[in-house]
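One structure is given here, and the rest of the page talks about it.
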Amino acid sequence: MQTESVQSSSRAQLAGFERALLVLPMLGGAFFGLFPLLLPQTFAAVAQFPAEGLYVYQLTGAATLGYGVGLLLGLLQRSWRAVRLPVIATLVFNLASLYACAVEIAGGHAPYTVYVIIVASTLFVAISILLLARHRGSPQPTQNLATPAVRLFLIIGAVSAVTFGLLPLLYPQVFTNFGLPLSIAFIGRQGGAASLGYAVMAIFALRALSAVELRLPVIMAGVFNGASALVSIPYLFSGAVPLLPWIIAPFGLAVAVGAVIALRRISMLAPDNE
């Protein structure tokens, strides 16, 4: 019985070396988030991607930045359950990213950056699987956020993330419907991969419904959607992208506001570094 108690306790807590492992995907999320978000044209030049459709670069950066922020805050957590959902999202994101890379290589026009992303994504997949395996069967927190408002917020997030995940990932031609060039298909697929990670995270969050587990996913969603709304504003009246910013800006702002409201509720139910 005592051995089982010790094993259960170890599964519930993050070890020091596990936090060290999380530093790697955190840095990847920060770099591949901030660079295309703030300097899309420079990023395109350095990465040897087409310097067009820069709005999609920024949206992809916004989605990726959410992972960087979530994992950065995850380094401060003691509880495995506090970082479980971001790790699941990271696994899904990088598996989908590997698919996007494989499609680009099969097309015969992959720049060196695609191979860099393959190495990084493979490493992040391995880290995610290792952490999930080590903490398999960890105690589940009490469901203290099982309210209709929280469920609705997560359902809306999951449906939108699935839509903006699978469409660009599997059918990047959808960008042409918004006046964007098909030459940015790989960047669009990467954005879809990141969004798909959010979708799976939201689905698992609907099963968890605990303040401990939902804090970081809500922060990640707030960062992603808030940043997406902000970068959409300059495009609203420029005419460079006729329709997409008019969808992203209000929706992203609404989700960011919803995330702030949800965080206020969460802060009353769980300490900051549970």
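Just so it is clear, none of the values below were taken in a lab; they were calculated from the coordinates. What you see is a predicted model, and the numbers here were worked out from it, not measured in a lab. Using ideal geometry, Cβ is built from the backbone for each residue, glycine included, and neighbour counts are taken over all protein chains shown.
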Selected from Leu38, Pro148, Leu132, residue furthest toward positive end of dipole (the range 2-269; charges at beta carbon): Pro148
With label points set 7 Å from each Cα along the Cα-to-Cβ direction at Phe31 and Leu167, the distance between them in nm comes to 3.2
Which whole-Hz couplings ³J(HN,Hα) result when phi for each residue of the range 143-154 is put into the Karplus expression 6.51 cos²θ - 1.76 cosθ + 1.60, θ = phi - 60°, listed in order with x for Gly and Pro? 7, 10, 10, 7, 10, x, 5, 5, 4, 5, 4, 6
Once the Cα atoms of helix 54-74 and of the chain are each reduced to a long axis, what angle between those two axes, in degrees from 0 to 90 to the nearest 10, is obtained? 10
Dipole-positive endmost among Ala82, Ala229, Val119 within the chain (Cβ charges, Cα centre): Ala82
Based only on other Cβ atoms within 10 Å, what is the fewest-to-most ordering of Met26, Met220, Met268, Met201? Met268, Met26, Met220, Met201
Suppose every Lys and Arg Cβ carries +1 and every Asp and Glu Cβ carries -1, with no other charges. What dipole size does the chain come out with about its Cα centre, to the nearest 20 debye? 580
Rounded to whole angstroms and listed largest first, the alpha-carbon spread of the range 13-142 along its three principal axes comes to 48, 29, 25
Using a Förster distance of 35 Å, the FRET efficiency for Thr122-Arg78 (Cβ separation, nearest 0.05): 0.75
Starting from the range 8-102, pick out the trypsin sites (Lys or Arg not before Pro) whose DSSP state is loop and whose Cβ has at most 16 other Cβ atoms within 10 Å. Arg78
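Remind me, relative contact order of the chain in percent, using alpha carbon pairs under 8 angstrom and six or more residues apart?
Relative contact order of the chain: 25 percent.
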How long are the three semi-axes of the equivalent ellipsoid for the range 2-269, computed from the Cα gyration tensor as the root of 5 times each eigenvalue, in whole Å, largest first? 32, 22, 14
Kindly put Val212, Val116 in sequence by how many other C-beta atoms sit within 10 Å of each C-beta, fewest to most. Val116, Val212
Among the chymotrypsin sites (Phe, Trp or Tyr not before Pro) in the range 66-153, which ones are in a DSSP loop with at most 10 other Cβ atoms within 10 Å of the Cβ? Mind listing them? none
Taking Ser210, Ser183, Ser138 and counting other beta carbon atoms within 10 angstrom, the fewest-first order is Ser183, Ser138, Ser210
Principal-axis tilt of helix 80-106 within the chain, Cα atoms, nearest 10 degrees: 30
Between the range 103-149 and the range 13-88, what is the C-alpha centre distance in whole Å? 11
